[in-house]
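Q: Structure in C-alpha cells, see below.
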Amino acid sequence: MTLANQAALRHKTEQALRELGINQTVIAHRTLPFFEDIDEALLVVAEIDENGKRHRLTKPAAGAWLEMKQAALQDGVALLLVSAWRSFDYQTDLIRLKQQRGIAPETFFTALAPPGCSEHHTGRAVDINTPGCDEVIGIFGETLAFRWLKDNATRFGFSLSFPPDNPWGFIYEPWHWCWNP
Ligand SMILES: [Zn+2]
C-alpha cells in the first residue's frame, strides 16, 4: 500500500471516530494497521451458517477455508465460520452497538478494531468457532479445534493474527485467523 493510500485510510478512520464521538487519543498510542475495504465484487460466499448468514471471503481465501475445514473434519474436528468479511460501515455499526451497551472505547477497542483497522476488511480473515463452544471469546483457545488449527492451519495458508502480547494492543484472539497468500 502506498503512503498516500495509508494517509487516506487513516483520515477515513479518524473521520468515522469523530462521527462516533470517540476521542482520537483512545487509539493514538497504538500502531494500528490500516486495511482497505475490499471491492465486494471480489467476494464469494464461503459458508452459510445455521442462522442463514452468508459469510463472504475472497475467492482464494474461501477455497483455502473450505479445504482446511474439510481436512479438519477428516480428523474429527468441526470448524465453524463465525465472521468473515466485514465492511468499514459494518465495523462502524459493531462499534455503535458496543457504545449503546455502555462499554468504553478503551475496553472494546482491545477486542474490536476501529473501522479501517480491521483485518476482516480484507476478505481474508476469519473468526472460527466449534460446536459446543458457546463463547467465542476466551475458551476457544482451550478447544480441540484450536489445537488442530495450531498444528495444521499454516498448511492451508492461515495464521493466527493476534497472539498473546501482540504489538497492536489487541487481546489474545485464538479464534481469529488470516489467510496470507
Ligand atoms: Zn476477527
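Q: Residues L42, L79: which one is closer than 24 Å to A111 by Cβ and in contact with a helix residue (DSSP H, G or I) (Cβ under 8 Å, 6 or more places away or on another chain)?
A: When all the criteria are applied, what remains is L79.
Q: Right, another one. Taking the stretch 103-122 only, how many residues are closer than 24 Å to A41 by Cβ and either without any contact (Cβ under 8 Å) to a residue 60 or more places away in the chain or not hydrophobic (A, V, I, L, M, F, W, C) (or both)? Quick ask: steps written out before the conclusion?
A: Quick first cut of the stretch 103-122, residues closer than 24 Å to A41 by Cβ only: 113, 115-122.
Narrowing further to those that are either without any contact (Cβ under 8 Å) to a residue 60 or more places away in the chain or not hydrophobic (A, V, I, L, M, F, W, C) (or both): 115-116, 118-122.
Number satisfying all stated conditions: 7.
Q: May I pose another question? Return the residues of the stretch 43-85 that are over 17 Å from R147 (Cα atoms) and free of Cβ contacts under 8 Å to residues at least 24 places away in the same chain; say none if nothing qualifies.
A: Answer for the stretch 43-85, where residues must be over 17 Å from R147 (Cα atoms) and free of Cβ contacts under 8 Å to residues at least 24 places away in the same chain: V44, V45, I48, E50, N51, G52, K53, R54, K59, A62, G63, L66.
Q: Scan the stretch 157-181 residue by residue and report those that are among the hydroxyl-bearing types (S, T, Y) and either within 11 Å of A111 (Cβ to Cβ) or buried (at least 16 other Cβ atoms within 10 Å of the Cβ) (or both). Write out each step before concluding.
A: Initial filter on the stretch 157-181 (among the hydroxyl-bearing types (S, T, Y)): 159, 161, 172.
Across the stretch 157-181, the qualifying residues are S161, Y172.
Q: Moving on. Quick test of your reading of the structure: P163 fulfils all but one of (1) within 21 Å of D49 (Cα to Cα); (2) within 16 Å of the ligand (Cβ to nearest atom). Name the failing condition by number.
A: Going through the list (1) within 21 Å of D49 (Cα to Cα); (2) within 16 Å of the ligand (Cβ to nearest atom), P163 breaks only (1).
Q: Something else now. Which of the helices (runs of 4 or more DSSP H) contained wholly in the stretch 1-78 include at least 1 residues that are crowded, with 18+ Cβ neighbours inside 10 Å and not hydrophobic (A, V, I, L, M, F, W, C)?
A: By residue number, 3-20, 59-74.
Q: Take the stretch 61-111 and flag every residue that is among the basic types (K, R) and either within 15 Å of the ligand (Cβ to nearest atom) or more than 14 Å from F158 (Cα to Cα) (or both).
A: Correct list: R86, R96, K98, R101.
Q: Spot the failing condition for P114; the list is (1) within 30 Å of E19 (Cβ to Cβ); (2) in a loop (DSSP other than H, G, I, E, B); (3) within 11 Å of the ligand (Cβ to nearest atom), and only one is missed.
A: P114 satisfies every listed condition except (3).
Q: Here's a follow-up. I'd like to check something: does the stretch 127-143 contain any residue that is in contact with a Cys (Cβ under 7 Å, 6 or more places away or on another chain) and within 13 Å of the ligand (Cβ to nearest atom)? So that I can check it myself, show each step before the final result.
A: Start the filter on the stretch 127-143 by keeping residues that are in contact with a Cys (Cβ under 7 Å, 6 or more places away or on another chain), which leaves 139-140, 143.
After this cut, where a residue has to be within 13 Å of the ligand (Cβ to nearest atom) as well, the list is 140.
So far as the stretch 127-143 goes, yes, one or more of its residues are in contact with a Cys (Cβ under 7 Å, 6 or more places away or on another chain) and within 13 Å of the ligand (Cβ to nearest atom).
Q: Further question: Does I171 qualify as being closer than 25 Å to T31 by Cβ and away from the ligand (no atom under 14 Å from the Cβ)?
A: No.
Q: Please give the number of the condition S161 fails out of (1) within 17 Å of the chain's Cα centre (by Cα); (2) within 17 Å of K69 (Cβ to Cβ); (3) at pLDDT 95 or above.
A: So the condition that S161 fails would be (2).
Q: Next question, about the same structure. Out of the stretch 87-133, which residues are of a type in the set (K, R) and surrounded by fewer than 23 Cβ atoms within 10 Å (Cβ to Cβ)?
A: Matches in the stretch 87-133: R96, K98, R101.
The values are calculated or read from the model by the stated rules, or taken from the named source; none is laboratory data. The model shown is predicted, which means the values in this text are computed figures rather than measured ones. All Cβ positions, even for glycine, are placed from backbone atoms using ideal geometry, and neighbour counts span all protein chains on display.
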